[in-house]
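The values are calculated or read from the model by the stated rules, or taken from the named source; none is laboratory data. Given the structure is predicted, the values throughout are model-derived calculations rather than measurements. No Cβ is skipped: glycine too gets one built from the backbone with ideal geometry, and neighbour counts run over all protein chains shown. Note: areas computed on protein heavy atoms with side chains; ligands, DNA, RNA excluded. Shrake-Rupley method; radii C 1.70, N 1.55, O 1.52, S 1.80 Å.
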Amino acid sequence: MLQLQTLIFDVDGTLAETERDGHRVAFNRSFSQAGLEWEWSVETYGQLLEVAGGKERIQFFWQQHDPDFAPTLPTGLNQQAWIAALHRAKTSHYAQLLQEGRITLRPGVKRLLLEARETGIRLAIATTSALDNVIALLETALSPESPGWFEMIAAGDIVPAKKPAPDIYLHVLQQMQLEPRHCVVIEDSQAGLQAALQAQLTTVITTNDYTRSQDFTGAALVLDHLGEPTLPLTVIQGSVTHSPYFDVALANKLLESLHD
Ligand code: XBP
Ligand code: MG
């Protein structure tokens, strides 16, 4: 029996490069629609990514960059409700961007998911993003029935603390009754790595433009992407022998070497 039983995927930056041309643009569209003068450049957004979660990111920006701004709140609506409404509009804009086909999966993601399904590896998602965003991404960039490939999609506000807190990973472990030594996590960011490591999970990082210079100490492997037979991966940290791409056998080997 394989040591590997479950693959747990992060979403944003890992399944697809959703942040710069997806979430960022959706935030800006929601700001403009609400008559706000806020506009997040590619660079500003890179800094704001340190704050996990869209609602939390809006609140942080408001406090740090426009503290005197006071929206006219209808009776009974507090600041949190105003942020939540703005964030709901952002979620619709994000779905619209996905419908336009602007966001595609990163190299190797679909291949690895299909191989995992063929070999009976269980699949899960652990993300800070809202559930609607995850479903929309899977349906548009992977296939309409693909949300059903995942035994569990743990997303957004279902746990009190977002990454880098381990809550979302602990939730998946508990709900699916998993032992960390049988799981491999695929992440793209330092916050995601910290969350997974605190849950004792073996973690593979695939970097992107926003995360490339982050500290990935503790990752089992750091790659530029998962790779394809025709698009070999590059190893940034750790070692991969004789394989141009990350697959189930390699994930299993990682666990065997760590848990011998
Ligand atoms: C990425 C995030 C998310 C998205 C925005 O999380 O930090 O907040 O940027 O999504 P992960 P929402 O990499 O864990 O998926 O606006 O829906 O919060
Ligand atoms: Mg991510």
Going through GLU39, GLU17, GLU56 one at a time, which residue ends up being open to solvent by 50 Å² or more (accessible area, probe 1.4 Å), under 24 Å from LEU226 (Cα atoms) and either touching a helix residue (DSSP H, G or I) at 6+ places or on another chain (Cβ under 8 Å) or within 16 Å of ligand 2 (Cβ to nearest atom) (or both)?
GLU17
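Here's the yes/no breakdown for (1) among the hydroxyl-bearing types (Ser, Thr, Tyr); (2) outside any loop (DSSP other than H, G, I, E, B):
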| site | (1), (2) |
| --- | --- |
| VAL204 | no, yes |
| SER213 | yes, no |
| LEU226 | no, no |
| LEU233 | no, no |
| SER239 | yes, no |
| HIS242 | no, no |
Residue count, the stretch 217-244, condition in contact (Cβ under 8 Å) with a residue 60 or more places away in the chain and of a type outside the set (D, E, K, R), comes to 5
For the structure I just gave you, tell me whether GLN63 is more than 17 Å from the chain's Cα centre (by Cα) and either at pLDDT 95 or above or closer than 22 Å to GLN194 by Cα (or both).
yes
Which one is nearest to ligand 1 (Cβ to nearest atom), of the residues in the stretch 71-120 that are modelled with pLDDT of 95 or more and among the charged types (D, E, K, R)?
LYS90
If you check ALA165, ALA130, which single one turns out to be among the aliphatic types (A, V, I, L, M), open to solvent by 20 Å² or more (accessible area, probe 1.4 Å), within 27 Å of ALA26 (Cα to Cα) and modelled with pLDDT under 95?
ALA130
Need the failing condition index for LEU7 against (1) out of contact with any Cys (no Cβ under 9 Å at 6 or more places or on another chain); (2) within 16 Å of ligand 1 (Cβ to nearest atom), just the number.
(1)
What tally of residues in the stretch 245-260 results from selecting those that are surrounded by fewer than 15 Cβ atoms within 10 Å (Cβ to Cβ) and without any contact (Cβ under 8 Å) to a residue 24 or more places away in the chain?
3
Return the only residue of THR44, THR72 being β-branched (Val, Ile, Thr) and either closer than 20 Å to ASN133 by Cα or open to solvent by less than 80 Å² (accessible area, probe 1.4 Å) (or both).
THR44
